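What follows is calculated from the coordinates using simple rules that are stated; it is not laboratory data. Nothing here was measured: the structure is a model prediction, and the numbers come from that model. Every residue, glycine as well, gets a Cβ built from its backbone with ideal geometry; the counts of neighbours run over all protein chains shown.
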Amino acid sequence: MKTLYDVQQLLKRFGIIIYIGKRLYDIEVMKIELERLYDNGLIDKDDYILAELILRREHRIELEKESKHD
């Protein structure tokens, strides 16, 4: 797993498809769903940590983009 797309594919394996329309919000909801999967024992710790790191990075990038537009 290396990209946001990879995290989306992980969630998709569990029937979770997220599209709110704003990338920042999509990432935030993905983090919530990812945590729920982990808490319920559906994904292992390594996948959870890697996906969480990817989502954090993407979230930071989106926040930086938004601050440049202000």
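Key figures for this structure:
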{"item": "Residue in segment 40-70 that is farthest from residue 3 (Cα to Cα), counting only those that are part of a loop (DSSP other than H, G, I, E, B) and not aliphatic (A, V, I, L, M)", "result": "70"}
{"item": "All positions within segment 33-60 that are under 8 Å from the mean Cα position of the chain (by Cα) and either of a type in the set (A, V, I, L, M) or more than 15 Å from residue 8 (Cβ to Cβ) (or both)", "result": "34, 51, 54, 55, 56"}
{"item": "Total residues in segment 11-32, condition basic (Lys, Arg) and under 12 Å from the mean Cα position of the chain (by Cα)", "result": "3"}
{"item": "Test for residue 54: is it surrounded by 14 or more Cβ atoms within 10 Å (Cβ to Cβ) and touching a Ser or Thr at 6+ places or on another chain (Cβ under 8 Å)", "result": "yes"}
{"item": "Matching residues, segment 2-40, being closer than 18 Å to residue 60 by Cα and surrounded by 14 or more Cβ atoms within 10 Å (Cβ to Cβ)", "result": "4, 7, 8, 23, 24, 26, 27, 28, 29, 30, 31, 34"}
